[in-house]
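Here's the structure we're looking at; comments come further down.
Since every read-out is calculated from the coordinates, none of them should be taken as a lab result. Treat the numbers as computed from the prediction; the structure is a model and nothing was measured. Using ideal geometry, Cβ is built from the backbone for each residue, glycine included, and neighbour counts are taken over all protein chains shown.
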Amino acid sequence: MKVYFIGAGPGDPELITVKGSRILSEADVVIYAGSLVSPEVLSWCRKDAVIMDSASMDLEEVCRVYGEKKDQGGTIVRLHTGDPSLFGAIQEQMEYLRAEEIDYEIIPGVSSFQAAAAALEQEYTLPGVSQSLIISRVEGRTPVPEKEDLEVLAKSRATMALFLSIAHIDRVCEKLLTSYPEETPAAIVYRASWPDQKILRSRLGELAQTVKESGITRQALIIVGDVLDQNFEYSKLYDPAFSHGWRKGRLDEGAENGEESGAESGKGE
């Protein structure tokens, strides 16, 4: 028996990976996060697969399924929204599987922060503006380490994508405004890639009011940063005067520190 943790993607059933959909189509048992995963993703499943909604299950109940199936062979898929490495609560499940000597594998998926960027038609890392993306959340029922408090992270004024925080928008804005100016552009992406996706744009100083007027209280990402104004320098990667391992620039000045040269891979992200 083998367990696969599969990222189902942000919502659009076609945004699951090819590998993820193939394994899902072969699974004997599928335990999916029913409160977050689009039911349409389950269309990849076999008609005779046992499908279980984990929305009402606790960790012990999920692990009990793994234990009961251990000696029966076959494949179990634990289907998580987005990519399971982000706020996926899979570490404790893997700990159980290791202790029980049950084989498992993780299949990554498309995260909602990536789908949000696509919806916004936005690059998070623009030259001359921001080369860092902070993925975090404000404290809720799950605490945040003091060193990762939003007020601390805000000091960098990097691009920020906040999960699980929309219901605490007043506190989010209060913390971010300790370092980001009120005029910093911000966006809310509700249910990125779903049919009912919504995008709100605002300035940070007005963001809390914008969110309250929209009525959005869950399943939304908060994006904050100057990249949303799209005033930026062009990348050196395609600058005709910039050399790298696969192209000689007109000025042949070489690549700066080798980081954007593509010298090792021949391409850059």
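A compact table of results
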item	result
With at most 16 neighbouring Cβ atoms within 10 Å, loop trypsin sites (Lys or Arg not before Pro) (DSSP) excluded, longest segment of the chain	142-217
Quarter of Cα convex hull surface for the chain, i.e. mean projection, nm²	17.0 nm²
Cβ-defined net charge surrounding SER54, 11 Å radius [Lys, Arg +1; Asp, Glu -1]	-2
Mean projection area, nm², convex hull over Cα of the stretch 113-229	6.7 nm²
Residue order, fewest to most beta carbons within 10 Å, for THR142, THR17, THR184	THR142, THR17, THR184
Residue order, fewest to most surrounding Cβ atoms within 10 angstrom, among PHE87, PHE113	PHE87, PHE113
Compactness of the stretch 2-110, expressed as Rg and Dmax over alpha-carbon positions, Å	12.5, 35
Packing-based exposure ordering (other Cβ within 10 Å, fewest first) of ASP48, ASP103	ASP48, ASP103
Net charge dipole size for the stretch 113-229 [Lys, Arg +1 and Asp, Glu -1 on Cβ; Debye, nearest 20]	320 debye
Simple label model, 7 Å out from Cα along Cβ direction - GLU101 to THR142, nm	3.2 nm
Theoretical FRET efficiency, 1/(1+(r/R0)^6), r = Cβ-Cβ of GLU121 and GLU61, R0 45 Å, to 0.05	0.60
Spacing of the two label points (7 Å from each Cα toward its C-beta) at ARG22 and ASN231, in nm	4.8 nm
Amide H contacts of VAL30 (H built 1.01 Å from N, under 5 Å, at least 5 apart or other chain)	VAL50, ILE51, MET52, VAL77
